[in-house]
Amino acid sequence: MAKLREKDVMAAQTMKEHGQSVRSLARAMRVDESSLRYRLRRRREGAEDGRRRQVEACGAHAAVVDAWMASQAERAVGGHRPEPVVALYERLVSEHGYGGSYKAVLRYVRRRQGRPRIRARRRVEVQAGTQAQVDWLQAKVRVASLGGLVTLWAFVMVLSASRMWAVVWSRRKDLAAWLRCHNEAFLRLGGVPVSVRPDNEKTAVEHGAGPWGRVNEGYQSYADEMGFIVNAALVRHPEGKGKVERRCRDIRWTQVQREEWFADLESLQRSTDERIAARAKQLTCPQTGTSVIEAWQLERLALRALPETLPRPFDVEVTRVVSHDCLVGFEGRQYSVSFEHAGRTVRVRGCGDQVEILSGLEVVKRYPRWTEQRLLVDQADYDGESTDTVIRPMPLGGLGRMIVLERSWEAPRRAIDHYAVLVGGAR
């Protein structure tokens, strides 16, 4: 049943005067017939609503509320954002012993403040290749290999100019999944835009929100490597990334149905890619007037080319200063790097079962992760000629070359008897 409003009663009274029955009016308005008859009778008799004569719940605190409304008016004149009414409610409860509801305070304030001004919204269209909007969508999908109905995350990326989009399915939404989904979405869209607009997920913005937030260090490092700017949307402002919000609704209601079955995640991803390609041929890009697929073919020319090797997704990244021993610490272990980096700052990433060490945007070293060994040293890192800033380490002698482990985390390739022969020969 719909709610019976005063304007509905007025309209029903007019229609009844023109010969319409109350029963047909109630059916058309989808309201209870007895309620409509009662309201029509009250209106005909000119009865007054007794609730209007009741004392308002926060009437005893009128002076406090009036002072608060005056202060909010001054804030608005000064260009500051007014406080929410909930702040007034909390003050009344904590400082003045108010025992009524928040809704009562809200009604009291609204009756006295008048109708607020309409806040106009700006519509924008961006140049081709300059922006992509991204967001997560949670969906329940039936996947046989995962045991039936499971909750998955769909990562959605939309090119703002052409409206072409990509969807990448994931079981998680941590930093490693966030970066992997970016990689796969960029591959599907054929390049990298100038900027990417995410929501204020912790994988995107680790502190604060919107343009004034601090971008997650790992995500910023990835963005630098891929060559795009992170431009986070305002908090609680879905209009700021409306294009991806629209595509999320499309995925939820038209592209993946809850009763569908998929053999595994690969078949789900393959089916989603095919449906996107078909749907993009049907939809019209409002900026160009052509189909989305045709607009995308043009926008691809404006995208930055993908690097030859995409960054590996990582779940943690830290910065470290290389010691004079040419070592960096990470996750309770120490790893060697080439001696020319001694004293410099490098980045260390945990990429699945590997550790990557980067200098600038270049990966200079890779090691196995979570090894039993706590010290992983590669002797090749200590060889070479001195540089302008670093003098090379002392080279190994002949015996040293024979007994030192070339890569300390790997088993020695010579049997112990071989060293016994060498020692005997040295005597």
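The values are calculated or read from the model by the stated rules, or taken from the named source; none is laboratory data. This is a predicted model, so every value here is computed, not measured. Glycine gets a Cβ as well: all are built from the backbone with ideal geometry, and neighbour counts include every protein chain shown.
Listing for the model above:
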read-out: Lone qualifier among 247, 304 - being closer than 18 Å to residue 134 by Cα, modelled with pLDDT of 95 or more and out of contact with any Asp or Glu (no Cβ under 6 Å at 6 or more places or on another chain); value: 304
read-out: Residue in region 251-261 that is at pLDDT 95 or above, among the basic types (Lys, Arg) and on the phi < 0 side of the Ramachandran plot present; value: no
read-out: Pair list, Cβ < 9 Å and 6+ apart or interchain, from region 277-291 residues that are of a type in the set (Val, Ile, Thr) to residues that are surrounded by fewer than 14 Cβ atoms within 10 Å (Cβ to Cβ) and at pLDDT 95 or above; value: 290/284
read-out: Identity of the residue in region 1-42, basic (Lys, Arg) and under 23 Å from residue 111 (Cα atoms), that ends up modelled with the lowest pLDDT; value: 3
read-out: Region 122-153 - residue that is touching a residue at least 60 places away in the same chain (Cβ under 8 Å) and of a type in the set (Val, Ile, Thr) and, of those, surrounded by the most Cβ atoms within 10 Å (Cβ to Cβ); value: 134
read-out: All positions within region 28-37 that are out of contact with any helix residue (DSSP H, G or I) (no Cβ under 8 Å at 6 or more places or on another chain) and either over 11 Å from residue 4 (Cα atoms) or in contact (Cβ under 8 Å) with a residue 40 or more places away in the chain (or both); value: 28, 34
read-out: Condition met for residue 269 (in a helix (DSSP H, G or I), closer than 25 Å to residue 363 by Cβ and polar (S, T, N, Q)); value: no
read-out: Residue list for region 337-350, filter: under 17 Å from residue 224 (Cα atoms) and crowded, with 17+ Cβ neighbours inside 10 Å; value: 346, 347, 348, 349
read-out: Condition check for residue 258: among the basic types (Lys, Arg) and not in a helix (DSSP H, G or I); value: yes
read-out: Criterion: buried (at least 16 other Cβ atoms within 10 Å of the Cβ), over 18 Å from residue 198 (Cβ atoms) and at pLDDT 95 or above - qualifying residue of 162, 170; value: 162
read-out: Top-ranked residue in region 74-121 [being of a type in the set (Asp, Glu) and part of a helix (DSSP H, G or I); ranked as surrounded by the most Cβ atoms within 10 Å (Cβ to Cβ)]; value: 90
read-out: Considering residues of region 307-336 that are of a type in the set (A, V, I, L, M) and out of contact with any helix residue (DSSP H, G or I) (no Cβ under 6 Å at 6 or more places or on another chain) only, the residue surrounded by the most Cβ atoms within 10 Å (Cβ to Cβ); value: 328
read-out: Where residue 373 falls short, out of the listed (1) part of a loop (DSSP other than H, G, I, E, B); (2) more than 24 Å from residue 333 (Cα to Cα); value: (2)
read-out: All positions within region 335-361 that are in a loop (DSSP other than H, G, I, E, B), touching a Lys or Arg at 6+ places or on another chain (Cβ under 6 Å) and not β-branched (Val, Ile, Thr); value: 353
read-out: So residue 401, is it of a type in the set (Lys, Arg), farther than 16 Å from residue 317 by Cα and at pLDDT below 95; value: yes
